[in-house]
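Asker: Can you keep this structure in mind? I'll have questions shortly.
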2 protein chains.
Amino acid sequence: MKNKVKFTRMEQKMTQEQLARQVKVTRQTIGLIEKGEYNPTLQLCVAIAKALGKTLDELFWEVD
Amino acid sequence: MKNKVKFTRMEQKMTQEQLARQVKVTRQTIGLIEKGEYNPTLQLCVAIAKALGKTLDELFWEVD
DNA sequence: AACAAATGCAATGTATATATTGCATAGGAG
DNA sequence: CTCCTATGCAATATATACATTGCATTTGTT
């Protein structure tokens, strides 16, 4: 459940709220996904990936 | 919402039920995902990808 | 055709992703 | 320190992913 959303978002100097607005969820949802405390749906993962200019694999394909 | 699960599963001559058992969901869930009628969670996408020997991008990164 | 295995489909129930609100806390800028 | 912005956190509500059961339909094989 470890992902690279937080790291990538900060790389882009984007705030949780900005990302949330772009992908049309709430700030809280982004926060929980970044902490790995839940398990987003595919559509949301795709939206996040596009908003951050990455692919699914780059953000969510865990190596561990 | 188009994905390559059905195509890839049939390539491997695997049945919906076999795939379902491997990823620990029901056959119906696999069927609906293949039809694009819903929106699986990330964990399930990862499990399916691993069961089919593909990555997230290969199965779920829609081009359209 | 006749049988069996695989898939589709529909109704109802449960678990959980996500929303909403509100407040607390952390961290940077002045 | 003070102010402000970003983030964390917790409670309650709603939407939806997924389970369960049962039956219909397709598809392949003989």
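The values are calculated or read from the model by the stated rules, or taken from the named source; none is laboratory data. The structure presented is a predicted model; accordingly, all values stated were derived computationally and were not measured. Cβ placement follows ideal geometry from the backbone for every residue including glycine, while neighbour counts extend to all protein chains displayed.
Asker: Is there a residue in the range A:5-18 that is closer than 19 Å to B:D57 by Cα and more than 10 Å from DNA strand D (Cβ to nearest atom)? I'd like the intermediate steps shown before the answer.
Answerer: From the range A:5-18, those closer than 19 Å to B:D57 by Cα are A:5, A:8; that's our starting set.
Of the ones still in play, those that are also more than 10 Å from DNA strand D (Cβ to nearest atom) are A:5, A:8.
For the range A:5-18, residues closer than 19 Å to B:D57 by Cα and more than 10 Å from DNA strand D (Cβ to nearest atom): present.
Asker: Sticking with this structure for a sec: Scanning the range B:50-64 for residues that are within 17 Å of A:L56 (Cα to Cα) and more than 13 Å from chain A (Cβ to nearest Cβ), which turns out nearest to DNA strand D (Cβ to nearest atom)? Steps first, please.
Answerer: Residues of the range B:50-64 that are within 17 Å of A:L56 (Cα to Cα), as a first pass: B:50, B:52-64.
Subsequent filtering for residues that are more than 13 Å from chain A (Cβ to nearest Cβ) retains B:52-53.
Working: B:L52: 16, B:G53: 20 Å.
Looking at residues that are within 17 Å of A:L56 (Cα to Cα) and more than 13 Å from chain A (Cβ to nearest Cβ), I get B:L52.
Asker: Taking the condition of being exposed (fewer than 15 other Cβ atoms within 10 Å of the Cβ) and under 21 Å from A:V46 (Cβ atoms), how many residues in the range B:7-20 meet it?
Answerer: 1
Asker: In the range B:51-64, which residues are surrounded by fewer than 18 Cβ atoms within 10 Å (Cβ to Cβ) and either in contact (Cβ under 8 Å) with a residue 24 or more places away in the chain or within 13 Å of DNA strand C (Cβ to nearest atom) (or both)?
Answerer: Scanning the range B:51-64 gives B:G53, B:K54, B:E58, B:E62, B:D64.
Asker: So which residues in the range A:21-38 are within 18 Å of B:Q43 (Cα to Cα) and either in contact with a Phe, Trp or Tyr (Cβ under 9 Å, 6 or more places away or on another chain) or buried (at least 16 other Cβ atoms within 10 Å of the Cβ) (or both), if there are any at all?
Answerer: A:T29, A:I30, A:L32, A:I33, A:E34 - these are the residues of the range A:21-38 that are within 18 Å of B:Q43 (Cα to Cα) and either in contact with a Phe, Trp or Tyr (Cβ under 9 Å, 6 or more places away or on another chain) or buried (at least 16 other Cβ atoms within 10 Å of the Cβ) (or both).
Asker: Restricting the range B:27-49 to residues that are over 24 Å from A:E37 (Cα atoms) and near DNA strand C (Cβ under 10 Å from one of its atoms), which is farthest from the other protein chains (Cβ to nearest Cβ)?
Answerer: Residue satisfying both the conditions and the ranking: B:R27.
Asker: Restricting to the range A:17-64, name every residue that is over 15 Å from A:F7 (Cα atoms), assigned to a loop (DSSP other than H, G, I, E, B) and either modelled with pLDDT of 95 or more or not β-branched (V, I, T) (or both).
Answerer: A:K24, A:V25, A:T26, A:E37, A:Y38, A:N39, A:P40, A:D64
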